[in-house]
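Read the structure below first, then the notes.
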Amino acid sequence: RVPGSLELVRVVFVVGLTAFGVAILQIVRTVVARRGWLSREEVDEGVGLVQLYPGAMMVDLVAYIGYRTNRIRGTLSATAAFITPSLVMVLGLSWLYWTYGTQPGVADLVLGLDAIVVGVIANVTLDFAAQHAKGRVQAALGLGAFAVGVAGAYLLWAVLGALIVGALALGGQESEAAAAVVREESALSWRRLGLSAVPLLVVAGGVATAIVVGGSLAVLAADMAKIGTLAFGNGATIL
């Protein structure tokens, strides 16, 4: 079922307003499948795909769902609806912390939020393991990626290693959903190439503006552009 533009924006906005951290992934998967926009297999294919995209995985997944349901218009509207609540809340909370961060009890509140994040990550990890570690190869890939992360190695090597091992060991197990995505997106056109350049132009324009302004803003914009372009994975990886 293809959702209307208003329905897509409303649902994604609520998720962006109420969900927190890596729990967003499970909520998005459940909402999309329950409403019949995409099957769970199609959403899982999207999860695997967006892990190869630079930037925040959750934002990339919402953009992917928006594109699969409403093409470019869905991508832009879903991404904007998802980011806007977080942007407003972060600006507000940053002002509050900058203004009242030295007050007693504020540091304790932040420590309590850190404990919540640990619980959320543990819950999502168990859920992922139950769904995707259904064979020896999948389990070995998951444990290997965990070991690489604990060792402090660059996580991009874990992604590249998983691609190689998965291609060699699981290459003949392409799902019907993945084959459908490949067939659907196989046609390449100048229009698609032009649209794909829009984010690049936006980033380039922002960086150029910051450089012209100069000072600490230029340094901050350059660092953030580099992180957003090269960092793979979720918010914790980017942080």
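Quick notes
- Some residue of region 170-178 being modelled with pLDDT under 75, touching a Gly at 6+ places or on another chain (Cβ under 9 Å) and surrounded by 14 or more Cβ atoms within 10 Å (Cβ to Cβ): yes
- Scan region 46-79 for residues that are of a type outside the set (Ser, Thr, Tyr), touching a residue at least 12 places away in the same chain (Cβ under 8 Å) and more than 18 Å from Ile27 (Cβ to Cβ) and the total you get is 8.
- When region 200-228 is limited to residues that are open to solvent by 80 Å² or more (accessible area, probe 1.4 Å) and within 20 Å of Thr79 (Cβ to Cβ), the one that is modelled with the lowest pLDDT turns out to be Leu200.
- Restricting the first member to region 108-134 and to residues that are within 16 Å of Ile24 (Cβ to Cβ), and the second to residues that are modelled with pLDDT of 75 or more, the beta-carbon pairs closer than 7 Å and six or more apart or on different chains are Val124/Leu25; Val124/Gln26; Asp127/Gln26.
- Identity of the residue in region 142-151, among the hydrophobic types (A, V, I, L, M, F, W, C) and either touching a His at 6+ places or on another chain (Cβ under 7 Å) or open to solvent by less than 50 Å² (accessible area, probe 1.4 Å) (or both), that ends up modelled with the highest pLDDT: Val148
- Filter result for the condition that a residue is under 11 Å from the mean Cα position of the chain (by Cα) and surrounded by 18 or more Cβ atoms within 10 Å (Cβ to Cβ), over Gly55, Gly74: Gly55
- Leu91, sole failed condition from (1) modelled with pLDDT of 90 or more; (2) more than 20 Å from Ser196 (Cα to Cα); (3) touching a helix residue (DSSP H, G or I) at 6+ places or on another chain (Cβ under 9 Å); (4) part of a helix (DSSP H, G or I): (3)
The values are calculated or read from the model by the stated rules, or taken from the named source; none is laboratory data. If you're wondering where the values come from, they're calculated on a predicted model, not measured in any experiment. Positions of Cβ are generated from backbone atoms using ideal geometry, with glycine treated the same way; all protein chains shown enter the neighbour counts. These accessible areas exclude ligands, DNA and RNA; they are computed on the full protein's heavy atoms, side chains included. Shrake-Rupley method; radii C 1.70, N 1.55, O 1.52, S 1.80 Å.
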